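For reference, the structure is listed below as structure tokens.
Values quoted throughout were computed directly from the atomic coordinates according to the rules given, and no laboratory measurement underlies them. Since we're looking at a predicted model, the values are computed, not measured. Glycine also receives a Cβ, built like all others from the backbone with ideal geometry; neighbour counts cover every protein chain displayed.
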Amino acid sequence: MARSIITTCARWKRLGVATLMVALVASVASVSPAHAAPSDPSAASLGAALSSAIGSDGVFDGDRARAIGVSTEAVDAFATGRSLVGLASRHAAVDRQLVDEMDRSTAVVRACAGKNRWDHTGIQLNVYLNSCNTTRLLDVLGASAGVATAIGIITAATGLGGAAAGIIAAGLAVAGGVLTACSSRGRGTVIHNIPPGSVVWCNNQ
């Protein structure tokens, strides 16, 4: 009987912590960017539009993205994110200064730990980023480089669709401290989301 009570208490404790984390991230993720115009597309729509401009050759075409209404600022930011992971773009201005700064910050890492991919477990989306790409994403978020840059990193590193990457990038942009905690062991991170909700949370790999 005593063992049953202890087990039940432990389960409620874990549930309480998980619920608190989800509630915290949900409350933060609902905050709108201070300078966003009412007509701005959602992060999911932005990610979908940007990723639709990636050709069959794997190269992102800025002209194609602008033709469907994506701003030049978002086009350039997305191309910059892709460049950070080593993927090419055309008709877009990559922020070379930011790329060089990020390259220097990751140069001290002798080897990247963890994996880059995504999968589903039931209804839950799991996005894995190795330690190098986690560092890049943290640096981008810390530099306020924008959600489009983060979407570029996530899609380029994992192959995740733009809409899902947009939801994750937007959540992390306003709750970057969550990702910092999840990367503390230096083995990469796994970021979770239950589509189409906006709540994201993470763990160490």
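Results, tabulated for the structure shown:
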{"read-out": "Note, ³J(HN,Hα) from phi for segment 52-67, Karplus 6.51, -1.76, 1.60, rounded to Hz, x at Gly and Pro", "value": "5, 8, 8, x, 5, 7, x, 9, 7, 10, x, 4, 5, 5, 5, 5"}
{"read-out": "Nonlocal amide H pairs with Arg90, under 5 Å, H built at 1.01 Å", "value": "Phe60, Asp61, Gly62"}
{"read-out": "Neighbourhood charge, 14 Å Cβ-Cβ cut-off, centred on Thr80 and excluding it, Lys, Arg +1 and Asp, Glu -1", "value": "-3"}
{"read-out": "Per-residue ³J(HN,Hα) for segment 79-87, Karplus 6.51 cos²θ - 1.76 cosθ + 1.60, θ = phi - 60°, Hz, x for Gly and Pro", "value": "4, 5, x, 5, 5, 4, 9, x, 9"}
{"read-out": "For Ala113, residues with placed amide H under 5 Å, excluding near neighbours", "value": "Ser131, Cys132"}
{"read-out": "Enclosed volume per residue, in Å³, of the convex hull spanned by Cα atoms of segment 45-177", "value": "108"}
{"read-out": "Förster radius 25 Å - calculated FRET efficiency between Arg90 and Ser45 (Cβ-Cβ, nearest 0.05)", "value": "0.65"}
{"read-out": "Gyration tensor (alpha-carbon) shape descriptor, segment 51-93, a/c threshold 1.5", "value": "oblate"}
